[in-house]
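Asker: Before I ask anything, here is the structure I am working with.
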Amino acid sequence: MAVSRMLKMQLLGHSSIKDDLKKYLRVRGVVEVAASEAGGGAEAAAFEPSRDLEAGLENAENALEFLSAYETPRSFFERVSAGPLGTSDEESVELARRVSVMEFSDHCAGLQADSRSARDDLARSRGLVSFLEPWKGLDVPMEALRAGDYTVEFWSFPEKTAAGILEDAVEAFPLAVLETAASTGGRRYVAVIVSDGDTEELGVMLKERGGSMSSFEGLEGTPSEIIEKEKASWPEYERDAGESDEEAKRLAGSSDDLRILSDYYREEIGLEEVDNRMSTTDSTFLIEGWVRALDRPWLVRELGERFGEVEVSFREPLDDEEPPIHLDNIAVTRPCEFVTTLYGRPGYREDDPTPLLAPFFILFFAMCLTDAGYGLTLAALSSLALLKFKPKGGVRKLFNLLFAGGLVTAVVGIIAGGIFGLGIDSFPGWLRPFVLIDPLEEPMKMLNISFFIGIVHILFGIGVRMRANLRAGLVADALFDDLAWIVFIAALAPLGYAGILGGQVSPSVLRGATYVSVAVAAVIFVTGGRKQKSPVMKFFGGLVKFYDVVGYFGDVLSYARLLALGLATSAIALAVNDIAVMVKGMPYYIGYVVMVVILIGGHAFNLAVNTLGSFVHSARLQYLEFFGKFFQGGGEEFKPFRSERKYSVLKDSD
């Protein structure tokens with residue numbers, strides 16, 4: 001339906017125009033260059049860029065990542081007024097010749113190492129000072145803590161339990177000496193002099209009581225001397241870090257050059273990949289690739305006008321070829337390509353499911369959100385993002401999809417009586433006649449509607465599969481595996497509505513549905529094992545076929561999520577309003593401020609969470625209950641050779 005027709009292109013030209021032609025194809029961006037069959041076919045597709053280009057790109061990106069923290073932030077207005085970073089092929093080549101990206105990157109790496117080393121040393125020194133601060137009253141050098149058969153240890157205890165711990169320790173070890181050095185920060189710091197024979201046993205006791213021992217191994221001098229020495233080194237560490245930062249800020253002024261070089265190397269890698277895929281002789285080259293059929297006329301015309309020394313031919317894809325996939329839908333359904341491509345792309349000879357899923361996805365999204373206020377807010381935010389940020393590609397499709405979903409949600413929300421969780425009684429008089437159902441008051445009615453829409457969705461999916469089977473000449477499969485089940489499920493629907501959900505159905509309708517379901521069941525049983533050779537296997541094949549009823553029943557139950565998510569949105573909105581009303585009575589007008597905060601924050605949270613839930617669950621119904629009936633997928637995205645610039649644009653794009 002909406003899979004673009006693709007043509008295989010072969011372009012033969014003289015070597016003198018090869019570089020210019022590659023740049024032209026890059027600018028036009030309509031040809032996906034394939035590995036030339038004359039040049040080795042699929043083997044030529046194993047492309048590895050040259051080490052110099054790969055290293056240049058890597059070095060430029062590494063330097064940019066480091067310098068990003070040192071660039072002067074620019075306001076949104078400054079960024080917009082400055083416009084995109086412009087360059088030309090000639091300027092890029094000259095910049096690459098003049099600037100050694102490897103030396104620049106190595107310089108940045110050195111600055112980063114120096115800065116990190118200085119800051120690490122400063123942090124270590126400050127940590128040591130903080131560690132020694134409680135012990136600065138000791139005038140004994142750290143290296144002289146051990147004397148004869150005695151050892152000096154340093155412990156700290158929680159202040160609340162310290163006194164009891166010290167009393168118990170002195171009682172258990174009379175020869176030990178425990179002197180308090182300081183009490184600060186809720187802990188008591190104690191110097192313990194203990195004989196070597198009691199060291200281990202006393203240590204176990206103190207640890208069990210919550211003590212923590214400090215080790216000063218490797219330190220020389222008294223704590224006060226060490227602290228003074230460490231503090232004296234701080235200015236040097238700070239100066240070293242500051243010098244590295246200043247140099248980095250100076251280099252950050254060249255960030256735009258690095259961005260241009262990054263794009264230059266990225267573009268050169270792309271050109272090199274095209275070289276790798278084409279076939280060449282001493283005087284000619286051959287490029288093969290895929291082109292959309294609608295691009296063929298103007299492409300042939302432009303190639304003839306610009307390059308006289310080329311011969312171009314096109315052919316239809318062979319039966320064993322799988323061309324890349326480009327989806328080409330009308331503007332109304334194009335945003336739903338975002339949903340399709342999240343799952344996969346159709347095969348080249350398969351229908352694009354995008355226009356088929358579009359109305360169902362939008363409707364399901366609206367039923368899950370079910371609030372007109374949220375819908376209009378979502379549409380307004382999406383349109384604002386489209387106008388202000390002008391996104392492209394998949395992001396643009398997503399915002400367009402949310403915009404359409406918001407508008408339909410506004411309609412469904414009014415029908416379901418949902419506007420920011422307000423009661424229907426508070427609606428203006430002219431709006432109330434449009435309210436047809438209240439899900440909070442009539443959940444079973446909404447559930448029945450969800451099941452009905454689900455059955456239509458499932459039958460539509462089977463119908464799409466039946467159409468595909470007919471086109472493939474599989475008439476028996478279309479009749480007995482598809483049409484029979486469409487009739488069977490349609491006949492079971494009123495029986496299930498009356499028997500399971502307790503709905504009111506005319507006796508004549510029930511009688512007719514019973515006759516039809518029995519007759520079609522017989523057809524399914526007789527034809528279910530038709531592909532088996534043995535009569536016994538045909539019999540069991542027909543029986544097993546009825547197991548599909550369980551799968552279809554489960555599929556229908558999945559649509560209950562439309563009710564569940566709609567109720568969740570309404571209930572949370574109602575709860576937010578109730579909480580806001582409860583706090584309104586707080587004194588000194590504080591209640592009104594809190595009420596506004598709760599209303600804005602609560603509804604914003606509800607909108608964000610349930611928009612995400614509506615999208616995910618609506619997509620899930622497409623992927624499992626709908627795509628599972630007919631969609632095979634497996635197509636590869638059409639990726640034409642085009643500029644891959646990330647930071648800059650070419651001033652001369654001709």
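The values are calculated or read from the model by the stated rules, or taken from the named source; none is laboratory data. For clarity, every value in this text was computed on a predicted model and none was experimentally measured. Reconstructed Cβ throughout: ideal geometry from the backbone, glycine too, with neighbour counts over all protein chains shown. In case anyone asks, the SASA skips ligands and DNA or RNA and just uses the protein heavy atoms, side chains included. Shrake-Rupley method; radii C 1.70, N 1.55, O 1.52, S 1.80 Å.
Asker: Can you classify segment 595-654 as rounded, prolate or oblate using the Cα gyration tensor, where a ≥ b ≥ c are the square roots of its eigenvalues, rounded means a/c under 1.5, and otherwise it's prolate if a/b beats b/c and oblate if not?
Answerer: Oblate, because a/c is 1.5 or more while a/b does not exceed b/c.
Asker: With everything on Cα atoms, drop me the angle between helix 535-545 and the longest principal axis of the chain, reported from 0 to 90° to the nearest 10.
Answerer: The angle comes out near 60 degrees.
Asker: Another question, if that's okay. Using only protein heavy atoms and a 1.4 Å probe, report how much of Thr222 is accessible, in Å² to the nearest 10.
Answerer: Its accessible surface works out to 20 Å², give or take rounding.
Asker: Need the C-alpha centroid separation for segment 432-499 versus segment 199-247, integer Å.
Answerer: 74 Å
Asker: On to the next question. Tell me the label only: which of (1) 34.1; (2) 29.5; (3) 33.3 is Kirkwood radius over Cα pairs in Å as calculated from this structure?
Answerer: (3)
Asker: Which value in deg cm²/dmol, rounded to the nearest 500, describes the helix-derived mean residue ellipticity at 222 nm for the chain, given -39,500 (n - 2.57) per DSSP H run of n ≥ 4 and division by the residue count?
Answerer: -19500 deg cm²/dmol
Asker: Compute the relative contact order of the chain as a whole-number percentage, counting only Cα pairs closer than 8 Å that sit 6 or more residues apart in sequence.
Answerer: Taking the mean separation of contacting Cα pairs over the length of the chain, I get 22 percent.
Asker: Also, I was wondering about something else. Which of the lysines could a cross-linker span from Lys388 if the Cα-Cα distance has to be under 29 Å and same-chain partners fewer than 8 positions apart are dropped?
Answerer: Cα-Cα hits under 29 Å: Lys397, Lys639, Lys646, Lys651.
Asker: While we're here: Need one word for segment 328-452: rounded, prolate or oblate. Basis is the Cα gyration tensor (sqrt eigenvalues a ≥ b ≥ c); a/c below 1.5 gives rounded, then a/b vs b/c decides.
Answerer: oblate
Asker: Another question, then. Just to confirm the number: angle between the C-alpha axis of helix 101-132 and the first principal axis of the chain, 0 to 90 degrees, nearest 10?
Answerer: With both axes taken from Cα atoms, the answer is about 50 degrees.
Asker: Considering segment 245-331, what Rg and Dmax in Å follow from its alpha-carbon atoms?
Answerer: Calculated on Cα positions, Rg and Dmax stand at 20.5, 64 Å.
Asker: Under 18 Å Cα to Cα from Lys445, which aspartates and glutamates show up? Leave out anything in the same chain fewer than 8 places away.
Answerer: Asp371
Asker: Where the accessible area of segment 489-528 is counted over protein heavy atoms with a 1.4 Å probe, how much of it, in %, is carbon and sulfur?
Answerer: The computed percentage sits at 71.
Asker: Please compute the per residue accessible area over the chain with all protein chains in place, 1.4 Å probe, rounded to a whole number of Å².
Answerer: Numbers: 34910 Å² over 654 residues.
Result: 53 Å² of accessible area for each residue.
Asker: Taking the Cβ of Ser279 as the center, what net charge do the other residues with Cβ under 10 Å away carry, scoring Lys and Arg +1 and Asp and Glu -1?
Answerer: Neighbour charge sum, excluding Ser279 itself: -1.
Asker: What's the ranking of 117-127, 321-331, 562-572 by average number of surrounding C-beta atoms within 10 Å, highest first? Mind showing how you got there, number by number?
Answerer: Values: 117-127: 14.8, 321-331: 16.8, 562-572: 20.9.
Output ranking for 117-127, 321-331, 562-572: 562-572, 321-331, 117-127.
Asker: For segment 187-240, which GluC sites (Glu not before Pro) are in a loop by DSSP, counting at most 11 other Cβ atoms within 10 Å? It would help to have the intermediate numbers written out before the result.
Answerer: Details: sites: Glu200, Glu201, Glu208, Glu217, Glu220, Glu225, Glu228, Glu230, Glu236, Glu238; in loops: Glu217, Glu220.
Answer in residue order: Glu217.
Asker: Rounded to the nearest 0.05, what FRET efficiency do Asp548 and Leu384 have when you use their Cβ-Cβ distance and R0 = 30 Å?
Answerer: 0.05
Asker: Using only Cα atoms and rounding to the nearest 10 degrees, what angle (0 to 90) does helix 196-208 make with the longest principal axis of the chain?
Answerer: Helix 196-208 and the main axis of the chain meet at about 40 degrees.
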